[in-house]
Each structure stands twice: as structure tokens, then as C-alpha cells.
């Protein structure tokens, strides 16, 4: 992390806690807090420490992330969602981690026969990504597990279109059919993510909800509050004459004299080049990014030369949803691409 950097992220502790409590209360389930991909760009360690009392489980995407949590004092159960390299299974056992298995082939790679190994089975109910698809595959996995000392603690699936009621009902039905075929008591049964909970989908058979996007308040709901803001300091102000070039490729020439501000951040800091012309906010004024975004710098139009304060690139006045709309993408991507080197300050 560049602790001396002039571009920084703030993480709103109160909003993060509000969002976590909202999803627990609305679903009446235990909370699996998804903090993969550096907590969607918010900072995995910062988020985990704030949520340590609210989350019942943390979910990450890699063994490295899980180990980082353990090394930083997180003792709650941790589920690794993605496949891991089974050459490092000893490390999984030493750190009391739960892993996901997606096939009989994966199970057969687990060489340690110990009751310390905790497994979740992923069921593919229609997304065709990770997980088993058929009842036959499930039966094979269950029969194989019975020959081992392993703990089968969880089973889960994932909605591919949680805002589509027809698809969601179809996937839910498939998941419950497979669940009901198993004569086993699971500690963790999880299917609903953010959108499913917001859409009031209640599945009594499940024990947990698995919430990522909603924790960070970057979904279109009045019930959650945004957690992340991104700011940069103006490092240089200059007067540009009419028809002078600003930035690479001579793509911007002001029609009249104007003041610009140079910011010390660019696409190396997660602000991709398509951000050109979008709004930012400073000192009570909306203004825009001008010229091509550079690797480590960008320019903005200044409302006047005496403007003060830091520039809000994402925040209360410029939401991640608005930025996503400008970029023709999703809010997840807007925050997740913010790199780990950016300073994160919990407020």
C-alpha cells in the first residue's frame, strides 16, 4: 500500500455495519460475508476487521486470502470459494479452513484422510461454471466421502440471474431436489446472494445468506448505504489557452481559455481510460475529466482557479452505480479494479 499517496479510498465503518445488519435481519439467516477480490476493492483486511463481530463466516476466492485473514487475527470460519492447489492441503488443515469441491475428480485429489478437512459441495443449478450438475455426480461424491473421515459441512449453489423470478425458481427447485436427496445434516446451506435477499426470496431450508455486493452498498437499493469513496488531490493547476492540446492524442482542445487540474492517478490506479468526460465533484461543483486518462495522471476541468479540497472520483456525489453506467459496465467492476496499492482509510 502506498501510505504516502495522494490518491486514497475511504471506507465508511458505520455504513458497512448497517448493511451487514440489514441483510441479517431481512433474511433472518446467518451471514457469510463475501470479501473475495480484496473485498470488491474495498480492502479485505479492513472489511474483515470491521465485520468480525457481525459476520458468521467469511468467504474468499483463494488460499492466499484465507491465510492473510488468519495471520491478521481473523478466527471466524473461512470458506474458500474457488478451487485450490491440493499440494497445499496441509496448510488448509493447519489453518482450519473450509474448501469447496466441484467434482468427484477433485475429491480424489484429496490425499489426507483426516476429520480436520471441512468440505462444501458446490451444486451447478444452471450457471455452468463451478459445481456438479447431476444427481448421479452428487451420489458418487457422497459415496466417496463416506469412505473417508472428512467433514462434509456445507452445500451451496449460485443464482445466475437473481433478478429473474422464473430462472431463480428453476434453480431453487433444482437445488432443493438435490438437497432433499441427501440424508445428511449440513452446518452450512446457502443459496441466496444480495439480489435474492433484496427480492424477498426466502428459502427456509437454507441456513445462511452469502452477501457480497450488498455489504458494500453498490447495488440499486434504498436500504443499503455505499461504503467506499475515492478521492485524489490536485497536484497542479494551470491555465490552458483556447485550442491548446490537453493529454495524449490531441483528443481535447478547449474552445476558450480554461483552468485545469492535474490529478496523480490514472488507469494504473483503476481509473480506466473510458472514464474520460465523466463527472467528478469538488468544492461544491460538478465538473468533468478531460483528455485521455493517463497511466498515472488525469486532468479535470476546474470551475475556477481558486477551487479547494480533494476531488471526489467515487463517493456521495458520484456513485459507483453512476460511474458504471458511464462505463457501460457493472458497479462490481468499478470498485474491484481499484488496486491494493491505493491507501484505504477507515472512517
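Taken together, the values in this text are just the output of simple stated rules run on the coordinates, not laboratory data. As the structure is a computational prediction, the values presented were derived from the model and not from experiment. Using ideal geometry, Cβ is built from the backbone for each residue, glycine included, and neighbour counts are taken over all protein chains shown.
The figures follow:
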| item | result |
| --- | --- |
| Residue of 126, 212, 41 that the Gaussian network model of the chain assigns the largest fluctuation, springs spanning Cα pairs under 10 Å | 126 |
| The chain: relative contact order in percent, alpha carbon pairs under 8 Å with at least 6 residues between | 20 |
| Förster radius 35 Å - calculated FRET efficiency between residue 76 and residue 183, Cβ distance, rounded to 0.05 | 0.75 |
| Least to most buried among 260, 211 (fewest other Cβ within 10 Å first) | 260, 211 |
| Extended-chain gain in nm, criterion 0.36 nm per residue less alpha-carbon gap, residue 86 and residue 237 | 49.0 nm |
| Sorted by Cβ neighbour density within 10 Å, fewest at the top, the residues 259, 150 | 259, 150 |
| Residue order, fewest to most beta carbons within 10 Å, for 276, 75, 125, 194 | 75, 276, 194, 125 |
| Of 36, 24, 71, the one that fluctuates the most in a GNM where the chain has Cα springs shorter than 10 Å | 71 |
| Theoretical ellipticity at 222 nm over the chain - DSSP helices of four or more residues, -39500 (n - 2.57) apiece, nearest 500 | -7500 deg cm²/dmol |
| Angle in degrees between helix 13-27 and the longest Cα principal axis of the chain, rounded to the nearest 10 | 40 |
| C-alpha center-to-center spacing [the range 144-207, the range 285-344] in angstrom | 38 |
| Kirkwood hydrodynamic radius (C-alpha pairs) into Stokes-Einstein, the range 266-329, 10 °C and 1.306 mPa s, D in µm²/s | 132 |
| Kirkwood Rh, angstrom, the range 182-286 [1 / mean 1/r, Cα pairs] | 18.6 |
| Top of 247, 284, 261 by mean-square fluctuation, Gaussian network on the chain, Cα under 10 Å | 284 |
| For q = 0.10, 0.13, 0.14 Å⁻¹, Debye-computed log10 I/I(0) when each Cα of the range 82-221 counts as one equal scatterer | -0.35, -0.59, -0.68 |
| Overall dimensions of the chain as given by Cα atoms, namely Rg and Dmax in Å | 23.4, 78 |
